[in-house]
Structures are given as structure tokens and as C-alpha cells.
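Asks: Can you read through this structure? Questions will come right after.
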Amino acid sequence: MPSKTHDSPLFSFEFFPPKTEVGVENLNFVQQQLAKLNPDFFSVTFGAGGTTRDNTFDAVVNIQKTGFSAAPHLSCVASTQQNIRDILKSYQDNGISKIVALRGDLPSGMMSAGEFRYANELVQFIREETGEQFQIHVAAYPEVHPQAASAAEDFKNFKRKVDAGADAVITQYFYNADAYFYFVDNCEKQGIEIPIVPGIMPITNYSQLFRFSDMCGADIPRWLRKRLEGFGDDTQSIQAFGLDMVSDLCQRLLDNGAPGLHFYTMNKLEPTLAIWESLGLSKE
Ligand SMILES: Cc1cc2nc3c(=O)[nH]c(=O)nc-3n(C[C@H](O)[C@H](O)[C@H](O)COP(=O)(O)OP(=O)(O)OC[C@H]3O[C@@H](n4cnc5c(N)ncnc54)[C@H](O)[C@@H]3O)c2cc1C
């Protein structure tokens, strides 16, 4: 695996942990193909409340075995300190050095919020328990977290995570680049200097995208919604349009100083690879 210079853009690919044998085989294949692009790391999501704890662990260990860095996501909602301590220990024992630290959302039917209320408490706990052993990434919402009282409050809360010791940031996906630039400007004004890597969601299927975006508070601008709806069931046209649109977004982000890109791959190879190729990104 060729090493990267410190100043080269940060590229990462996100997966969810598969639950079936077929899913595991598919993920192995997708990861092997994306590994050829020499990303900085792969990340693996974690079901809030610990619902994918073992699958997330297995997936990150499998990735580490291929010689690449794997960053497990770790959400603290509904967890105790001891749960989190045990998970951190298992990652330390397996040479994992990066973590994406999140609050998560309480799964429906689960009543207890546990011993952590917000992600800043998790970041603080990881630092207290493990010092500088982990590089900690946290989430940010350029279009504002859906539960936030206001954009200003959300920003203050985001800054708590940075102040608690986060090293880098991955954003929720967005299709409005200005929301990202405005967020980054705000960070600069507040003296936040860690990299804020935009999260990129390829567009392949509009009903799924609309559903997902409603849940996580990502805005689909009206013009984009209308364009996608206009394609009806014509999946090929949706994918071709999505590729152009998202590649242009990525290019604009990189041209204007984004420190890298984090792709929400949804465990699929083609949509992410097509964007990568259309951007002409290098493997160095
Ligand atoms: C890159 C990325 C990866 C993700 N991966 C996963 C995953 O693997 N598993 C998963 O379940 N979910 C994941 N999510 C979703 C995430 O868990 C949800 O968006 C969740 O609602 C918020 O998590 P957070 O870490 O941003 O929370 P927080 O930073 O804790 O913020 C949550 C809300 O609480 C407010 N808040 C924060 N701190 C305080 C405070 N101290 N006092 C008062 N209010 C506060 C914020 O303004 C915000 O409205 C991911 C999101 C992103 C962007």
C-alpha cells in the first residue's frame, strides 16, 4: 500500500456491516476493489444501541487484515460506560487506531438513553480512557441537525465535540455546496482548524434517497427533487444524471478547499467508483 503525504486529500469509504454470508462476500469484493484507490481509511457503521456490535467488529477486523486502516463508528446512545470501555479495549487489542464517535439515535422501542447523552460526552470519555490512542472523527451537519433548536445552538454543540478532542470531522451528505462552505467559514471564524471532510452520497435511486434524506435531515433542493422525479422509473437516466451532478459537486468542493471526500458507498462499488473516475482522482 503506497503511503500518502500529509497534505494529500483525505479519501475514505463508508460501509455498513453485513448481516449475511452473501453480504460479507459482497463487502469483501467491494472493499478489495476500492482498496485499489488507496483510500486513507474505510469506515464501518454501528447500529445505535449496539445492535450491530459484533458485525461492525468483524467487518473492521477483516478490513485491517487487508492492510488498510478501518475506522469503526461507535454510537453511545443507550450504552453504559462499561460497554464503551469494553468495545474500545477490543479495538485497541486489534490495532484499530481511528474511531468515528457518534451519539446515534435511540432505536424505536428502546427507552433508556443510557449513560451518555451526546457525542461530546463520548469523545471526552474516549480521551479520558485511552488518551491519544485513537484518532477521533465526529459528525457535522452543514444543513443543521434535524433535532437542533437552532443553527447557532447546533454549531455550539458541534464545537463541544471539537473542544472535547476530535481530530477530524465528516459531514452529513448534502447537495448544496454553499451549506458546506458556510459551515467551514463558521469553523474558521471560531478557530476550528481540524479537517472537515464532506460526506458524499451517490445518487442511484430517488425513492430511497428521499426516504433517507427525510430521516436524517439532508435537504434535497426542489430543483433536484423535480429532476429526479421527472425520470420516473428510468433508473439508467437517474444514475447518469446522479453521476454528473454528484461529480460536479465533488469537483466544486475540492476546487474550493475541501480537504477530501468521504463516500457513503452503501456497500456498492459502481456508483462511488464512477464518481471517482469521473473526477480523475489519483491513487497516490
Ligand atoms: C458521518 C456520519 C456517520 C454516522 N454514522 C452513524 C452510525 O454508524 N450509526 C448510527 O446510529 N448513526 C450514525 N450517524 C447518524 C447520527 O448518529 C445521528 O445523526 C444522530 O442523530 C446524531 O449523532 P451525533 O453524533 O451527530 O450527535 P450529537 O453531536 O450528540 O448531536 C445530536 C443533537 O444533539 C444536540 N446536542 C449535541 N450536544 C449537545 C449538548 N451537549 N447539549 C445539548 N444539545 C446537544 C445537537 O445540536 C444535535 O441536535 C452518522 C452521521 C454522520 C454524519
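The values are calculated or read from the model by the stated rules, or taken from the named source; none is laboratory data. Everything quoted here is computed from the prediction, not taken from an experiment. A quick note on method: Cβ atoms are made from the backbone with ideal geometry, for glycine too, and the neighbour counts reach across all protein chains shown. These area figures cover heavy atoms from the full protein model, side chains too; ligands, DNA and RNA do not enter into them. Shrake-Rupley method; radii C 1.70, N 1.55, O 1.52, S 1.80 Å.
Asks: With only alpha-carbon atoms counted, please give the Rg and Dmax of region 89-134, in Å.
Replies: Rg, Dmax (Cα atoms, Å): 12.5, 36.
Asks: Let me ask another. Rounded to a whole number, what % of the accessible area of region 29-179 do carbon and sulfur atoms account for, probe 1.4 Å? Kindly include the intermediate steps, with their values, before the conclusion.
Replies: On the way: 2990 of 6450 Å².
C and S fraction of accessible area: 46 percent.
Asks: If you rank LYS159, LYS36 by how much accessible surface each has, with a 1.4 Å probe, what is the order from largest down?
Replies: The ranking, largest first, comes out as LYS36, LYS159.
Asks: Estimate the FRET efficiency between ASP167 and ASP214 by the formula 1/(1 + (r/R0)^6), using the beta-carbon distance for r and 22 Å for R0, to the nearest 0.05.
Replies: So, using R0 = 22 Å, E works out to roughly 0.10.
Asks: At q = 0.11 Å⁻¹, what is the log10 ratio I(q)/I(0) for region 1-151, with the Debye formula run over Cα points and no solvent?
Replies: Here the Debye-derived log intensity ratios amount to -0.45.
Asks: For the chain, modelled as a Gaussian network with Cα springs under 10 Å, which listed residue fluctuates most, ILE196, ILE238, ILE136?
Replies: Highest fluctuation of the listed residues: ILE238.
Asks: If you take the beta carbon distance between GLN32 and ALA151 as r and set R0 to 35 Å, what does 1/(1 + (r/R0)^6) give as a FRET efficiency, to the nearest 0.05? Mind showing how you got there, number by number?
Replies: On the way: r = 41 Å, r/R0 = 1.17.
That pair, GLN32 with ALA151, gives E of 0.30.
Asks: Then there is this: Rank ALA71, ALA140, ALA164 by mean-square fluctuation in a GNM of the chain with C-alpha springs under 10 angstrom and give only the top-ranked residue.
Replies: In the Gaussian network model the winner is ALA164.
Asks: Right, here's the next one. Rounded, prolate or oblate: which fits region 110-169, taking a ≥ b ≥ c as square roots of the Cα gyration tensor eigenvalues, rounded meaning a/c under 1.5, else prolate when a/b beats b/c?
Replies: Here region 110-169 falls in the oblate category.
Asks: Compute the distance from the alpha-carbon center of region 159-173 to that of region 246-280, in whole Å.
Replies: So the two Cα centres are separated by 21 Å.
Asks: Now for a separate question. Rounded, prolate or oblate: pick one for the chain, where a ≥ b ≥ c are the square roots of the eigenvalues of its C-alpha gyration tensor, a/c under 1.5 means rounded, and failing that, prolate if a/b is larger than b/c, else oblate.
Replies: Values: a/c = 1.36, a/b = 1.21, b/c = 1.12.
In terms of gyration-tensor shape, rounded.
Asks: If you don't mind, another one. Just need the relative contact order of the chain here, percent rounded to a whole number, with Cα pairs under 8 Å and 6+ apart.
Replies: Relative contact order, the chain: 20 percent.
Asks: FRET efficiency for ASP178 and ASP233, Cβ-Cβ distance as r, R0 = 35 Å, nearest 0.05?
Replies: Taking R0 as 35 Å, the efficiency between ASP178 and ASP233 is 0.65.
Asks: Find the eigenvalues of the gyration tensor of the Cα atoms of region 133-252, then list the square roots of 5 times those eigenvalues as equivalent ellipsoid semi-axes, largest first, in whole angstrom.
Replies: Output for region 133-252: semi-axes of 30, 15, 13 Å.
Asks: VAL22 to ASN186: extension gain in nm, 0.36 nm per residue of separation minus the Cα-Cα distance?
Replies: Full extension of this stretch gives 54.6 nm more.
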